[in-house]
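The values are calculated or read from the model by the stated rules, or taken from the named source; none is laboratory data. Bear in mind the structure is a predicted one, so any value in this text is a computation, not a measurement. Positions of Cβ are generated from backbone atoms using ideal geometry, with glycine treated the same way; all protein chains shown enter the neighbour counts. Accessible surface is based on the protein model in full, side chains and every heavy atom, while ligands, DNA and RNA are left aside. Shrake-Rupley method; radii C 1.70, N 1.55, O 1.52, S 1.80 Å.
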Amino acid sequence: MNTQKKVAFYTLGCKLNFSETSTIARDFTKEGFERVDFKEYADIYVINTCSVTDNADKKFKTIVKQAQKVNPDAFVAAIGCYAQLKPTELADVNGVDLVLGATEKFKLTSYLNDLSKNEQGEVHACEIEDANFYVGSYSIGDRTRAFLKVQDGCDYKCTYCTIPLARGISRSATLENILQSAKEISVKGIKEIVLTGVNIGDYGKGEFGNKKHEHTFFKLVEALDNVAGIHRVRISSIEPNLLKDETIDFVANSDNFVPHFHIPLQSGSDTLLKLMKRRYLTETYINRVAKIKEVMPHACIGVDVIVGFPGETDEEFLTTYTLLSELDISYLHVFTYSERENTEAVKMGGVVPLAVRKKRSKMLRGLSVKKRRAFYESQLNSTRTVLFEDENKEGYIQGFTENYVKVKTPWNPELANTLHTVKLTKIDEDGLVRFEFITE
Ligand code: SF4
């Protein structure tokens, strides 16, 4: 293998994809490749695709063109969820040489003996049922915090979702391996870990290659609470029906787990939640928010919500809008429903016109701005801890408090990747929060 080769990566989608790209990139480095930025000249360009992104196909083609512009002779490989769902479609894209599905993506370096361009992209994808084994990953060096994969796949059947078709059944890393990865991350000087997966609340399922639940998500949280050198552990997205009281109480009393929860709601209407085959109704969701705010009034709560799902009448949408307005939550991630092949929802009646979907999305994004502002205002004059990022953004350095308030202060490289206690003072025009340092 020629070690002088240059490789560049482009990742679409979620934290899980970023953790996997970072792990695959480390395999390349181990084999003597030099990792370069995607904008630079490379011999190999790897695109880690996403199936949730709107216009995933258009986005993919643009990225391939971008790579070819820099080096028309470069070898282009596509991996990830979209590659698993539509392998031949990606292989037909001009310039693509290799497409690897869910079971092959971690073996990418073994497919690179011949880097000459292929007329037609070579496809190595499988039936998703074969993706029943677990491969660990975590991100390092790309950001201030590390995304640590703890679980993959999903056994739920939400009627709008293709992720189970792209990533397979629910399966988990062993607790031992997760703790080992957390230690590896901490020795690299990373202070915050973000737990990531597809349905992390289902952690423990398939830990030892069977359907049994060896450890629970709560056991994972308990075990990760005392990893030397890790100051913060952030739970990324977790299903409301899998966020147990014991986990919330534990986070409330933990020095390391941060008071920030991202909990998908999807709709504020029980009728739609049933059509979506979600595993809870609004009462459970309201109860989760109340429980969190009872034991952690300063906690940040983020909410995923879908607008324009088939059957969402004006009344249904208003029910969602009203519930979100009343809930003590901090921000929204708003997704506009889009039809996905091989899902139940695509066959449902009551299709919502695109213009209406867009209008509803705009309304909820407006509500999210108000919610975030109100949450930030509720935190002014409070004492928080900030983990600073490492980028000079227009003369400022930014960071996040433990409860996910975004702050900024004039650029000072010594602050990069450090933790400081501060008192939040005011909100700037750009919505970021200013503060005073509190000397210990
Ligand atoms: S829980 Fe539902 S929405 Fe989430 S990945 Fe699983 S099937 Fe998709």
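For Y41, the test of being in a loop (DSSP other than H, G, I, E, B), open to solvent by 10 Å² or more (accessible area, probe 1.4 Å) and touching a helix residue (DSSP H, G or I) at 6+ places or on another chain (Cβ under 6 Å) is passed. Scanning region 247-296 for residues that are of a type in the set (A, V, I, L, M) and within 16 Å of the ligand (Cβ to nearest atom) gives I263, L265, L272, L273, L275, M276, L281.
Selection of region 94-108 for residues being open to solvent by 20 Å² or more (accessible area, probe 1.4 Å) and over 25 Å from the mean Cα position of the chain (by Cα) yields only N94.
Looking at region 375-383, is at least one residue touching a Phe, Trp or Tyr at 6+ places or on another chain (Cβ under 6 Å) and either modelled with pLDDT under 95 or open to solvent by less than 50 Å² (accessible area, probe 1.4 Å) (or both)? There is no residue in region 375-383 that is touching a Phe, Trp or Tyr at 6+ places or on another chain (Cβ under 6 Å) and either modelled with pLDDT under 95 or open to solvent by less than 50 Å² (accessible area, probe 1.4 Å) (or both). Quickly run through region 336-374 and pick out the residues that are open to solvent by less than 40 Å² (accessible area, probe 1.4 Å) and of a type in the set (G, A, S). Result: S338, A345, S361, G366, S368. Looking across region 101-153, the residues that are outside any loop (DSSP other than H, G, I, E, B) and acidic (D, E) come down to E122, E129, D130, D152. Residue check: A77 meets all listed conditions (1) open to solvent by less than 70 Å² (accessible area, probe 1.4 Å); (2) touching a Cys at 6+ places or on another chain (Cβ under 9 Å); (3) not polar (S, T, N, Q) but one, namely (2). Candidates G136, G141: the one that is assigned by TED's automatic domain parsing to the domain that holds N241, within 23 Å of Q4 (Cα to Cα) and surrounded by fewer than 21 Cβ atoms within 10 Å (Cβ to Cβ) is G141. Is one or more of the residues making up region 347-355 touching a residue at least 60 places away in the same chain (Cβ under 8 Å) and more than 21 Å from N241 (Cβ to Cβ)? Checked against the condition, which is being touching a residue at least 60 places away in the same chain (Cβ under 8 Å) and more than 21 Å from N241 (Cβ to Cβ), region 347-355 yields at least one hit.
Would region 53-70 turn up any residue that is part of a helix (DSSP H, G or I), of a type in the set (F, W, Y), open to solvent by less than 40 Å² (accessible area, probe 1.4 Å) and modelled with pLDDT under 95?
Yes, the conditions are met somewhere in region 53-70.
May I ask you to list pairs of residues, at least six apart or on different chains, whose Cβ atoms are under 9 Å apart, with the first in region 389-403 being of a type in the set (A, V, I, L, M) and the second being outside any strand (DSSP E or B)? Within 9 Å, the pairs are I397/E389; I397/D390; I397/E391; I397/W411; I397/N412; I397/P413; I397/L415; I397/A416. Selection of region 161-199 for residues being touching a Leu at 6+ places or on another chain (Cβ under 8 Å), more than 20 Å from N256 (Cα to Cα), assigned to a helix (DSSP H, G or I) and open to solvent by 40 Å² or more (accessible area, probe 1.4 Å) yields only L165. Residues in region 133-188 that are of a type in the set (A, V, I, L, M, F, W, C) and within 16 Å of the ligand (Cβ to nearest atom) were compared, and the one that is nearest to V346 (Cα to Cα) is C161.
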